[in-house]
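The values are calculated or read from the model by the stated rules, or taken from the named source; none is laboratory data. On a predicted model such as this, the values are computed, not experimentally measured, just so you know. Positions of Cβ are generated from backbone atoms using ideal geometry, with glycine treated the same way; all protein chains shown enter the neighbour counts. With ligands, DNA and RNA removed, areas are computed over all heavy atoms of the protein, side chains included. Shrake-Rupley method; radii C 1.70, N 1.55, O 1.52, S 1.80 Å.
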Amino acid sequence: MIKLYRAISQNEKDDFDQDQQFRTGRNTLEAKQFFKSRAAVKQFVESSVMQEYKPPYLYLLTISVDEDRFGEANPTNMKLDGYDAVNIGEDDLISFNNSVTFVNQEAL
């Protein structure tokens, strides 16, 4: 089991809540990025508050992923604001969604 973390806005939460699927939207990047640690995503959110990022991040998702199926999503390791993260391209989000076993949502 792999755990990944993503901070989301109210709009992204509303979209995710419709059918529990990650997808890209209009005027967004053609990928989704997920931090590999809870501490990293928390510091990312703190930095976004200082920068008055709009829309603000209001929720933290902790995503459990089936390690055996995760590779089918072609994850790319990357640095996101200096922290270890993974990038899932738009074309691979269906495979990623199929590897997700549980998502915990909490307010920030």
Discussion item. Looking only at the stretch 70-86, how many residues end up being closer than 15 Å to Ser37 by Cα and either loosely packed, with under 12 Cβ neighbours inside 10 Å or touching a Phe, Trp or Tyr at 6+ places or on another chain (Cβ under 8 Å) (or both)?
Written reply: 9
Worksheet item: Which one is farthest from Phe96 (Cα to Cα) among residues in the stretch 45-73 that are polar (S, T, N, Q) and over 15 Å from the mean Cα position of the chain (by Cα)?
Response: Gln51
Item to complete: Among the residues of the stretch 40-69, write down those that are open to solvent by 50 Å² or more (accessible area, probe 1.4 Å), hydrophobic (A, V, I, L, M, F, W, C) and either in contact (Cβ under 8 Å) with a residue 12 or more places away in the chain or under 17 Å from Ile94 (Cα atoms) (or both).
Response: Leu58
Worksheet, complete the sentence: Going through the stretch 13-28 in order, the residues found to be surrounded by 11 or more Cβ atoms within 10 Å (Cβ to Cβ) and over 21 Å from Ser99 (Cα atoms) are Thr28
Fill in: Checklist (1) closer than 16 Å to Ala107 by Cβ; (2) within 14 Å of the chain's Cα centre (by Cα) applied to Phe35, failing item
(1)
Worksheet item: Filtering the stretch 1-12 down to residues that are open to solvent by 50 Å² or more (accessible area, probe 1.4 Å) and closer than 20 Å to Asp92 by Cβ, which residue is nearest to the chain's Cα centre (by Cα)?
Response: Lys3
